[in-house]
């Protein structure tokens, strides 16, 4: 079992003031693999204060200096792709091929930000008027567990390119990934205070970031309900707020669709990240005239999308991130059956041989109507 300290303030790994401890549980077998000491409001204030002091000098750095930092970050994160992939697989059950793709994108985000920075004029002039693009201030970056490494890198790359200092509140469910990224940032030798991390609950660390007067910008990825709360609370201090709340919009097949191409793609998107993604196309709307043909194709394609051990390169669908998430998905399956939807693939219970983990049978319903529970609350809150 690992003791995890995913907190980084003023250029060094720190023990938190907060004393709450959380177990990190491998969802593949529900064994405890680590213990995380969570940060609290005091830790968050320390990180914000460090970022505020660093902003005075970092915000004035040239485009070339910022670009050099971004390229260093690209190199150090790129060198740890295997470690980040392993962390994603172990701590939340992301299948290997998806996790590896995500962390490659995470590393590349610094390179892409550097390229964008070089192409962006920071001063524009019209006649006698000049407009300069300057850092907005300290940025609070709040990330989601389902692609934590990618979210941290994407948000950090954009903020640093703009000359902002950052305080990251990563998901507490993703502390292994966070710890690897802290090691990467430390190796890149950023100026002290430019990048800080406080891992804790949204009700403590997240809330302090949103209400603190010294934080000028919040970038949040997560649920609609929390996003609404951030928008309301951030307004009190006139924060600039960016919300990525996602959704689960349908894929729509028209009458002339090529099913050999469309069905595999639609199912790959529907079960993206084991269905745990705001970008997952969890509904498929099809022409009634081709319904039977489409049902047959779905059954055939799903036979080649195995659920199982996320460490296996052939696995397409892994476990739910927590026992709570497993129970939530099972309740939707049960409710769908009770309300009269037809189970085409899957159904209740664990897949055979995977009873120890948070594995759900990949399930597809047909003959679903708009008044059913699965198309109600679930789609108004895609968290």
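Every number here is computed from the coordinates shown, using simple stated rules; none is lab data. Quantities reported herein were computed from a predicted structural model and do not represent experimental measurements. Glycine also receives a Cβ, built like all others from the backbone with ideal geometry; neighbour counts cover every protein chain displayed.
Computed values, structure above
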quantity: Peptides ranked, highest mean first, by Cβ atoms within 10 Å: ranges 7-16, 47-56; calculated: 47-56, 7-16
quantity: Spin-label proximity, residue 303 to region 336-376 - amide N less than 15 Å from point 7 Å beyond Cα toward beta carbon; calculated: 345-346
quantity: Residue 120/residue 213 FRET efficiency (R0 30 Å; Cβ-Cβ; nearest 0.05); calculated: 0.55
quantity: Separation in nanometres of the label points that stand 7 Å from Cα toward Cβ, at residue 290 and residue 249; calculated: 2.0 nm
quantity: Cβ crowding within 10 Å averaged over residues, with 226-233, 117-124 ranked highest first; calculated: 226-233, 117-124
quantity: Compactness index (Cα Rg / 2.2 N^0.38 Å), region 55-111; calculated: 1.42
quantity: Separation of the residue 192 and residue 79 label points, Cα + 7 Å toward Cβ, nm; calculated: 2.3 nm
quantity: Alpha-carbon Rg with Dmax, taken over region 159-226, Å; calculated: 12.7, 37
quantity: Dimensionless Rg over Rh [region 15-59; C-alpha; Kirkwood]; calculated: 1.25
quantity: Computed [θ] at 222 nm, helices only, for the chain once each DSSP H run of length n ≥ 4 contributes -39500 (n - 2.57); calculated: -13000 deg cm²/dmol
quantity: Relative contact order %, the chain, counting alpha carbon pairs below 8 Å whose residues are six or more apart; calculated: 18 percent
quantity: Using distinct alpha-carbon pairs, which all enter the 1/r mean, Kirkwood radius of region 1-129 in Å; calculated: 17.9 Å
quantity: Euclidean distance between Cα centres, region 225-295 to region 17-88, Å; calculated: 29 Å
quantity: Quotient of C-alpha Rg and 2.2 N^0.38 Å, computed over region 107-149; calculated: 1.69
quantity: Helix 81-92 vs. the chain, principal-axis angle (Cα, 0 to 90°, nearest 10); calculated: 60 degrees
quantity: Förster radius 25 Å - calculated FRET efficiency between residue 3 and residue 324, Cβ distance, rounded to 0.05; calculated: 0.55
quantity: Rh by Kirkwood over Cα pairs, then Stokes-Einstein D for region 117-218 at 0.890 mPa s and 25 °C, µm²/s; calculated: 166 µm²/s
quantity: Nearest-ten-degree value, helix 41-58 long axis tilted from longest Cα axis of the chain; calculated: 60 degrees
quantity: Under the Debye formula (equal points on every Cα, no solvent term), log10 I(q)/I(0) of the chain at q = 0.07, 0.08, 0.11 Å⁻¹; calculated: -0.35, -0.46, -0.82
quantity: At R0 = 25 Å, FRET efficiency that the Cβ-Cβ distance of residue 136 and residue 104 yields, to 0.05; calculated: 0.30
quantity: Rg to Rh, two decimals, where region 247-383 supplies the alpha carbon set and Rh follows Kirkwood; calculated: 0.94
quantity: Rounded tilt (10° steps) of 291-302 against the dominant C-alpha axis of the chain; calculated: 60 degrees
quantity: Residue 240-residue 224 pseudo-label distance in nm [points 7 Å out on the Cα-to-Cβ vector]; calculated: 2.7 nm
